[in-house]
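Dropping the structure in here first, questions after.
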Amino acid sequence: MSKIFTLTKIANFITKYGIQNTNIRKDINYIYVIDVDGNVNLSNKNLTDPDMTAKFGKVTGNFECKNNELTSLDFAPEFVGGVFDCSSNNINNFDNIPIKHVDGNFYAYGADPDKLSKLKGIVKGEIYPSH
């Protein structure tokens, strides 16, 4: 990943999207990442990849970024304590996503089911590629 997430960009992102209960920490791979104690809902915001000026680390609740125009999950958290929902985007590659653990289900409605095989073992719940 070539993006550098600065403190200013992260702070602006948190404020713009109303993300609460955050902790910003340094990570050797991404400089700064956001940990969230609770849910993150970035759904239905017409987000594109350039809008994602923050990288998430750990989210203890659900992480939702459905119904946007995203093509990448580079910004996604490594750990999600609830469900992960990236349905209805334009994500076609799940090979190099940063996600390492999802406690709940993983929703990727509209994605090619064959491309989600990497998630087996990472997702503790079910994987839903289509309605």
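Laboratory data are not the source of any read-out in this text; all were calculated from the coordinates shown. Since we're looking at a predicted model, the values are computed, not measured. Cβ placement follows ideal geometry from the backbone for every residue including glycine, while neighbour counts extend to all protein chains displayed.
Of K66/K115; K58/K124; K26/K118; K55/K100; K58/K100, which ones are farther than 21 Å apart at the Cα?
Values: K66/K115 18 Å; K58/K124 16 Å; K26/K118 27 Å; K55/K100 14 Å; K58/K100 10 Å.
Distance filter (> 21 Å) returns K26/K118.
Sequence-distant or interchain residues sharing an amide H contact under 5 Å with L70, placed H: which?
N90
Where does each of V36, V59 land when they are ranked from fewest to most other beta-carbon atoms within 10 angstrom? Let's see the in-between values first.
On the way: V36 22, V59 27.
Fewest to most other Cβ atoms nearby, the residues stand as V36, V59.
Can I ask one more? Suppose each label sits 7 Å from its Cα in the direction of the beta carbon; what would the R25-I122 distance come out to in nanometres?
Those two pseudo-labels are separated by 2.0 nm.
Rounded to the nearest 0.05, what FRET efficiency do I14 and K115 give with R0 = 25 Å and r taken as the Cβ-Cβ distance? Could you check?
Working from the Cβ atoms, E equals 0.25.
Please find, in a Gaussian network model of the chain (springs between Cα atoms separated by less than 10 Å), the residue of P98, P113, P50 whose mean-square fluctuation is greatest.
Result: P50 has the largest fluctuation of those listed.
Over the range 7-128, what is the relative contact order in whole percent, taking alpha-carbon pairs under 8 Å and six or more residues apart? Intermediate values should be presented prior to the final figure.
On the way: 279 pairs, mean separation 21.0, N = 122.
Across the range 7-128, relative contact order equals 17 percent.
Identify which of T15, T53, T71 has the largest mean-square fluctuation in a Gaussian network model of the chain, with springs joining Cα atoms closer than 10 Å.
T15
Taking just the C-alpha trace of the range 7-128, give me its Rg and Dmax in Å.
Cα only, the range 7-128: 13.3, 38 Å (Rg, Dmax).
Then there is this: How much mean residue ellipticity at 222 nm does the chain get from its helices, if each DSSP H run of length 4 or more adds -39500 (n - 2.57) and you divide by all residues, to the nearest 500 deg cm²/dmol?
On the way: 1 runs with 10 residues, N = 131.
Estimated from H runs of four or more residues: -2000 deg cm²/dmol.
By how many degrees, 0 to 90 and rounded to 10, does the Cα axis of helix 7-16 deviate from the longest principal axis of the chain?
Taking Cα atoms only, the helix is inclined about 70 degrees.
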